[in-house]
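Structure first, commentary second.
Please treat every number below as a calculation from the coordinates, not as lab data. Computed from a predicted structure; not experimentally measured. Using ideal geometry, Cβ is built from the backbone for each residue, glycine included, and neighbour counts are taken over all protein chains shown.
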Amino acid sequence: MNIDNKVILITGASSGIGRATALMMAGHNNRLVIVARRENLLREVSAKIRDQGSECLYFAGDAMDEQFGEYVVRKTVEAYGGIDIAIMVVGIGPPSNTLTASSEKIKFCMDANFDTFINFYVPIMRQMKTQKTECMISHVNSLASFFGVPMQGDYVAAKGGVRLFLDTARMELKHFGYKNIHIQTIHPSFVDTEAVRNDGIPAPGEISEEKSAEYIIKGIKKNTKRNMFPFTPALLTRLSVRVFTDWLITKVELSQTPKNY
Ligand SMILES: NC(=O)c1ccc[n+]([C@@H]2O[C@H](COP(=O)([O-])OP(=O)(O)OC[C@H]3O[C@@H](n4cnc5c(N)ncnc54)[C@H](OP(=O)(O)O)[C@@H]3O)[C@@H](O)[C@H]2O)c1
């Protein structure tokens, strides 16, 4: 998809991958709508976006709140007439242990990754179905959504859930004749953001936020269904899904896992 002169809604744009992507989109004469809870950070990001020549609206609120998703989409359409590209970045992945975590902790992590996505997806999809022009829903998922990962059970379950939900949405768009709406899942490996810097989860081959934004924008331009990066972890993930045995995956993953967490 072309990324110039578009209305682009980005959730989770106050920091990390979402922020870097919003700033990189700002140089393309876009109308950006950015969302997160920390209003002070959104204000700073929006000023940087305007400095680069794009328009920007920001909305501070909790994506766990269904009404907030509805509100942001309604306000975006009122201001800009529609949404061309929605990049859903909101998510958290704190270390977790499937043997000891409370149900409250597990459900919180899953809601923070799944519900925060659905609360925006539903009004965005409703809006895009009224549009005739090309548009895209893109979700920042993870390479970790393809298999079990020690220390990340609730996280990978939620990300895997969104991936399957969107695979289904893509089929149903085709079935019901919405050829103009594209669905994309974005699967980074490890990205060096403040959120994960000291979380104790091993992160071999980490890339920068800016590099991940470059990959994301390249994938949107190419309209790939699954944007998996960088090359080596993406290849290993593809092989894991198709070729490697559970025995090998478990051995490799446990070799990276701390003894106590
Ligand atoms: N870093 C990695 O290694 C990595 C790898 C693969 C995938 N990912 C995925 O990439 C995404 C971004 O991660 P990141 O590392 O860039 O972390 P981050 O800087 O913490 O970004 C998360 C963003 O989501 C927002 N957010 C979180 N919960 C929210 C809520 N309830 N309501 C509204 N906004 C909320 C945060 O803003 P506020 O706190 O201001 O609300 C922030 O802007 C996540 O979905 C993550 O799973 C990250």
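Annotations
- Electrostatic bookkeeping for F176 treats Lys and Arg as +1 and Asp and Glu as -1; over the other residues with beta carbon under 12 Å from its beta carbon, the sum is +3.
- 5 angstrom amide H check on S96, placed H, neighbours 5+ away: M151, Q152, G153
- Selection of GluC sites (Glu not before Pro), the range 180-242, meeting DSSP coil and at most 13 other Cβ within 10 Å: E194
- Alpha-carbon Debye profile of the chain, log10 I(q)/I(0) at 0.09, 0.17 Å⁻¹: -0.39, -1.39
- Whether the range 96-169 is rounded, prolate or oblate, judged on the alpha carbon gyration tensor where a/c under 1.5 counts as rounded: prolate
- Phi angles across the range 10-16 convert, under the Karplus curve 6.51 cos²θ - 1.76 cosθ + 1.60 with θ = phi - 60°, into 3J(HN,Hα) values of 10, 8, x, 9, 7, 7, x Hz, Gly and Pro given as x.
- Listed values for the range 104-119 are Karplus-derived 3J(HN,Hα) couplings in whole Hz (6.51 cos²θ - 1.76 cosθ + 1.60, θ = phi - 60°), namely 4, 5, 5, 5, 4, 5, 5, 5, 5, 9, 8, 5, 4, 6, 4, 4, and x replaces Gly and Pro.
- Each peptide in 240-252, 133-145, 153-165 receives the mean, over its residues, of other Cβ atoms within 10 Å, and ordering these scores from highest gives 133-145, 153-165, 240-252.
- Mean ellipticity per residue at 222 nm, deg cm²/dmol - from DSSP H runs of n ≥ 4 across the chain, formula -39500 (n - 2.57): -15000 deg cm²/dmol
- A protection proxy built from the mean count of other Cβ atoms within 10 Å ranks the segments 59-72, 170-183, most packed first, as 59-72, 170-183.
- Nonlocal amide H pairs with V191, under 5 Å, H built at 1.01 Å: I207
- Only the Cβ atoms of Lys and Arg (+1) and of Asp and Glu (-1) were treated as charged; on that basis the dipole of the range 57-145 about its Cα centre amounts to roughly 180 debye.
- Gyration tensor verdict on the range 29-172 (Cα atoms; rounded if a/c is under 1.5, prolate if a/b is larger than b/c, oblate otherwise): prolate
- Using the Karplus relation 6.51 cos²θ - 1.76 cosθ + 1.60 with θ = phi - 60°, the per-residue 3J(HN,Hα) values for the range 167-176 come to 4, 5, 4, 4, 5, 6, 4, 5, 4, 9 Hz, with x marking Gly and Pro.
- Here the simple spin-label model places points 7 Å from the Cα toward Cβ, and for T245 and L99 these points are separated by 2.4 nm.
- Considering only V191, M136, P150, and ranking their Cα positions along the charge dipole of the range 7-256 that arises from unit charges at the beta-carbon of Lys, Arg, Asp and Glu, the one farthest toward the positive end is M136.
- Net dipole in debye of the chain [+1 Lys, Arg Cβ; -1 Asp, Glu Cβ; about Cα centre; nearest 20]: 780
- Projecting the Cα atoms of V122, T98, I201 onto the charge dipole of the range 80-217, computed from C-beta unit charges around the Cα centre, puts V122 farthest toward the positive end.
- Amide H contacts under 5 Å for N227, placed H, 5+ residues apart: T185, I186, H187
- Using the alpha carbons alone, the radius of gyration of the range 191-257 stands to its Kirkwood radius in an Rg to Rh ratio of 1.02.
- Pairs over the 30 Å Cα-Cα cut-off, from the set K6/K211; K75/K179; K6/K179; K48/K105: K48/K105.
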